[in-house]
Amino acid sequence: MNNIDPLTGLLDRFGCLQAAQKFASVSTAKKKPFSVIWLDIDRFKQINESFGHQGGDEFIRGLALRFRNRVSGRAELCRMGGDEFVFLVPQCDRNQAQQLASELTSTVEEPLTLGKLTLRPSASIGISIHEHGEDSLTLLERADRAMYAAKRNGGHMLVCSGDEPIPGRLGITLAREELAIEGTLHTALETGGLSLHYQPIILANGQIEAVEALMRCSVEGESIPPGKFIPVAEKTGLVIRLGEWSLLQGAMHARLLQDAGHQTKVAINVSRAQLISPKFTKALNAALLCSNVKPELVELELTESLFMDISDTVQKNIQNALATGVSLSIDDFGTGYSCLANLKDIPAKKLKLDRAFVSVLPEDQRALAVVKAMTQLGHELGMTVVAEGCERKEEIDALLEVGVDAIQGFYYAKPMPGEDLIPWLQARNTK
Amino acid sequence: MNLNQQDSPPTEVDNLLERSIIDIGIPPCPAILNRFITEAKKEDPDYNRLASTISTDVSLSASLIKTANSPYFGTRQRVRSANEALAILGLNTTSRAVAGIVLRNTFPHIPNLERFWDASARIARLSGWLAQQFEIGIRPEDAYTFGLFRDCGIPVLLGRFPNYEEVLATANADSERSFIEVEEEFMPTDHAMVGCLLAQNWWLPEEICLAIRNHHDQKALASADSMLPMMCRKLIATSQLAEHFVQNQLGLSLTQEWVKLGPGCLQILDLGEEFLETLYVEVAPIVLADE
């Protein structure tokens, strides 16, 4: 018979295309779903090399038999050559296709005895669902591409066409919007879509205490607010690479300011994921080295949530960071996981009060009392106390009144791009 | 197209590029600078020759890529190789910037950079060739770029730590610990981390940055549960193989890296030991070529 693969008795490549055409036109005419599953055995080359082509053939024949037993009557089976199989599944939607694919995966993974050895193979699978009017070749190509995406991501994986290459990129399942953000973050990292903006922190006497570096992400003119991308970055572990990027970028900017005659400290945010990583010290040292900046011009802002659980690695990283000469500050203090005991253990020089306290000033006397107490506590520990998120003159007056040392907020300056900072500092100095 | 032309593009780009060469922090190889200037000064300079000269130097290539990837140009697709960057920046701009660098002679003297310059150029060339010859599944330009920049952390550390050369020698000779572990013993950071951050700063593709970061990491390279993308592993394996050939061919003292990482690399590249034997002969002219 024509179009039959002699080794397995399944449809061959040409037979597959013909059958797919038939299913596709039925699917279009009757508006019924039709799915294609493309399966490729991982590391088949090794099997072939270890057992010779005869062993490889035996393996493929064995698999084909198992597939036949498993899906018989539900799908048209094809062998596309080598170790690639295609399953044409009429009246099968995405969910059913995924279900069938996972059955196929377990079929592949059943141990298989070849000579004296027992093999435990795995497979990469791509799925495509027929779209109304789509031709069969395009449909097959989509399944093949999805399979290839699974392979590229390390194999032993299932990818649906249209979802590649994001799913499983870091092995973590995320909701669709988050997946889109994750994809954008990757693009930003790869295409220069990240930047740091700088917001000045102003002392009561009007001098600049420091500038805080805040990350911005924008791809093809569309920016994602930090409130959206930072949680995704944290969830996926990307925050480590983003954090390293801002360490170097922030340190380089501090160096740029230093060269322009401004001894202005740049405060760089460090995430929990970075600080619990054993590589943090190396990354910090590399950033200081590459930027060639005076370490005292760099400050690390640690979020307070970090202190709910201080591991040995975190302590070591903090000690090592201090040894380089950079200073530390505690961010968002006063809400969340505040633990006063931690304050005594973290040798930070600056305490930044959470913006939640600021917005209710000066009317809320109780909030003011808390701010005053936290400020005194900070001073007792030798720290500079900063209030964030200050937008109105009355807030600032009240904060300075209770002893807060420095103010950060829109009232003085919005975060600005790096290239605007030096002119801003110069204009301020000449005032 | 010669050095005396003062037409477009604007001088901002000249400054940007020249500044970038200085900022990269790695001195360009003087021999390459000379070769470039000699060719560029000719009546009718050979563009391909200039491009290939530049692309063998770590510092000049990095500067071109960083400048072409800067927001000034706003290109949507990031540049991945010196050749692509040269096409964007133009030969005039590049020549003027290189000439400016030669004139100012701004770089501090870092001893023993010759071996670094020579090795990175040869490893890059051979990596590109290997990627082209065999179906490794990586772009030859990427293999070239990675080979060139893989060790870019080394000159930075050499410039800052007087004892780093001894650390390198110890790491090269250690047959048990990984290269990075040896660096860890003496240094606050290591050349893979420095290189990764630099490459990220030049906006090189993420897989190249990650490959630089992990290029001595046996576990990331070969273990079954490695989270390192296959693309990175292939880049690393190709360059390690290239380095092995270069050392073998030039009769340099063999480092222990191939002993530690070689089997994993061959597995990733799907090459057998026997095949390697025939390759030794085939790669010789590529390793030994002068440019």
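The values are calculated or read from the model by the stated rules, or taken from the named source; none is laboratory data. Because the structure is predicted, anything quoted here is derived from the model rather than measured. Cβ atoms come from the backbone with ideal geometry, glycine included; neighbour counts cover every protein chain shown.
Is it the case, given these coordinates, that A:ARG68 is surrounded by fewer than 17 Cβ atoms within 10 Å (Cβ to Cβ), in a loop (DSSP other than H, G, I, E, B) and more than 14 Å from chain B (Cβ to nearest Cβ)? No; evaluated as a whole, the condition is false for this residue.
Checking each residue in region A:213-229 for being among the charged types (D, E, K, R) and in a strand (DSSP E or B) picks out A:ARG216, A:GLU222. The residues of region A:295-325 that are charged (D, E, K, R) and either touching a residue at least 40 places away in the same chain (Cβ under 8 Å) or away from chain B (no Cβ under 14 Å) (or both), listed by number, are A:GLU296, A:GLU299, A:GLU301, A:GLU304, A:ASP309, A:ASP312. Of all positions in region B:91-106, none carries a residue that is outside any helix (DSSP H, G or I), out of contact with any Cys (no Cβ under 9 Å at 6 or more places or on another chain) and modelled with pLDDT of 70 or more. Looking across region A:309-364, the residues that are in a helix (DSSP H, G or I), more than 17 Å from A:ASN269 (Cα to Cα) and among the aliphatic types (A, V, I, L, M) come down to A:ALA323, A:LEU340, A:ALA341, A:LEU343, A:ALA356, A:VAL358.
Tell me yes or no: at least one residue of region A:232-241 is free of Cβ contacts under 8 Å to residues at least 40 places away in the same chain, within 22 Å of A:ILE181 (Cβ to Cβ) and within 12 Å of chain B (Cβ to nearest Cβ).
So in region A:232-241, the residues free of Cβ contacts under 8 Å to residues at least 40 places away in the same chain come out as A:234, A:239-240.
Add one more test, that the residue is within 22 Å of A:ILE181 (Cβ to Cβ), and what stays is A:234, A:239-240.
Right, trim to within 12 Å of chain B (Cβ to nearest Cβ) and you get A:240.
Scanning region A:232-241, I find at least one residue that is free of Cβ contacts under 8 Å to residues at least 40 places away in the same chain, within 22 Å of A:ILE181 (Cβ to Cβ) and within 12 Å of chain B (Cβ to nearest Cβ), so the answer is yes.
A:GLN207 passes every criterion in (1) free of Cβ contacts under 8 Å to residues at least 24 places away in the same chain; (2) crowded, with 23+ Cβ neighbours inside 10 Å; (3) closer than 18 Å to A:THR384 by Cβ apart from (2).
Sort through B:LEU261, B:LEU266, B:LEU241 and tell me the only one that's farther than 16 Å from B:ASP118 by Cβ, within 14 Å of another protein chain (Cβ to nearest Cβ) and at pLDDT 90 or above. Break it down into steps so the answer makes sense when it comes.
Details: B:LEU261 fails: within 14 Å of another protein chain (Cβ to nearest Cβ); B:LEU241 fails: within 14 Å of another protein chain (Cβ to nearest Cβ).
Sole residue among the options that is farther than 16 Å from B:ASP118 by Cβ, within 14 Å of another protein chain (Cβ to nearest Cβ) and at pLDDT 90 or above: B:LEU266.
Scanning region A:318-357 for residues that are of a type in the set (A, V, I, L, M), closer than 16 Å to A:CYS390 by Cα and buried (at least 16 other Cβ atoms within 10 Å of the Cβ) turns up A:LEU351, A:LEU353.
If only residues of region B:210-237 that are at the interface with another protein chain (Cβ under 8 Å from one of its Cβ atoms) and assigned to a helix (DSSP H, G or I) are counted, the one that is farthest from B:LYS66 (Cα to Cα) is B:MET230. Restricting the search to region B:23-69, which residues are outside any helix (DSSP H, G or I), over 17 Å from B:LEU86 (Cβ atoms) and within 14 Å of chain A (Cβ to nearest Cβ)? Listed by number, the residues that qualify are B:GLY25, B:ILE26.
Go through region B:181-190 and give me each residue that's surrounded by 19 or more Cβ atoms within 10 Å (Cβ to Cβ) and more than 9 Å from every other protein chain (Cβ to nearest Cβ).
Quick first cut of region B:181-190, residues surrounded by 19 or more Cβ atoms within 10 Å (Cβ to Cβ) only: B:182-183, B:187, B:189-190.
B:VAL182, B:GLU183, listed by residue number.
Within region B:228-265, being surrounded by fewer than 19 Cβ atoms within 10 Å (Cβ to Cβ), closer than 18 Å to B:THR278 by Cα and in contact (Cβ under 8 Å) with a residue 24 or more places away in the chain holds for B:ASN248, B:GLN249, B:LEU250, B:PRO263. Just to be sure I understand the filter: pairs with C-beta atoms under 6 Å, separated by 6 or more residues or on different chains, first member in region A:265-281 and within 14 Å of chain B (Cβ to nearest Cβ), second member among the hydroxyl-bearing types (Ser, Thr, Tyr). Which pairs pass? Going by the 6 Å Cβ cut-off, the qualifying pairs are A:ILE268/A:SER246; A:PRO278/A:THR313. Would a scan of region A:221-228 turn up a residue that is β-branched (Val, Ile, Thr), surrounded by fewer than 23 Cβ atoms within 10 Å (Cβ to Cβ), away from chain B (no Cβ under 14 Å) and touching a residue at least 12 places away in the same chain (Cβ under 8 Å)? Checking region A:221-228: at least one residue is β-branched (Val, Ile, Thr), surrounded by fewer than 23 Cβ atoms within 10 Å (Cβ to Cβ), away from chain B (no Cβ under 14 Å) and touching a residue at least 12 places away in the same chain (Cβ under 8 Å). Mind counting the residues in region A:143-164 that are at pLDDT 80 or above and either aromatic (Phe, Trp, Tyr) or not in a loop (DSSP other than H, G, I, E, B) (or both)? Looking only at that region, the number is 13.
With the structure loaded, tell me whether B:LEU204 is touching a residue at least 24 places away in the same chain (Cβ under 8 Å) and within 10 Å of another protein chain (Cβ to nearest Cβ) or whether it fails that test.
Details: touching a residue at least 24 places away in the same chain (Cβ under 8 Å): yes; within 10 Å of another protein chain (Cβ to nearest Cβ): yes.
Yes; evaluated as a whole, the condition is true for this residue.
Within region B:152-163, if we keep just the residues that are crowded, with 22+ Cβ neighbours inside 10 Å and more than 9 Å from every other protein chain (Cβ to nearest Cβ), the residue that is nearest to B:ALA242 (Cα to Cα) turns out to be B:CYS152. The listed residues are B:ILE37, B:ILE22, B:ILE110, and the only one of them that is surrounded by fewer than 22 Cβ atoms within 10 Å (Cβ to Cβ) and modelled with pLDDT of 80 or more turns out to be B:ILE37. None of A:LYS22, A:LYS32 is among the basic types (Lys, Arg), within 38 Å of the chain's Cα centre (by Cα) and surrounded by fewer than 16 Cβ atoms within 10 Å (Cβ to Cβ) except A:LYS32. Pairing each residue of region A:59-71 that is modelled with pLDDT of 90 or more with any residue that is crowded, with 16+ Cβ neighbours inside 10 Å and in a helix (DSSP H, G or I), provided the two are 6+ apart or on different chains, yields C-beta distances under 6 Å for A:ARG66/A:THR107. Which residues, counting only those in region A:45-54, are in contact (Cβ under 8 Å) with a residue 24 or more places away in the chain and either in contact with a helix residue (DSSP H, G or I) (Cβ under 7 Å, 6 or more places away or on another chain) or not in a helix (DSSP H, G or I) (or both)? Passing the criteria: only A:ILE47.
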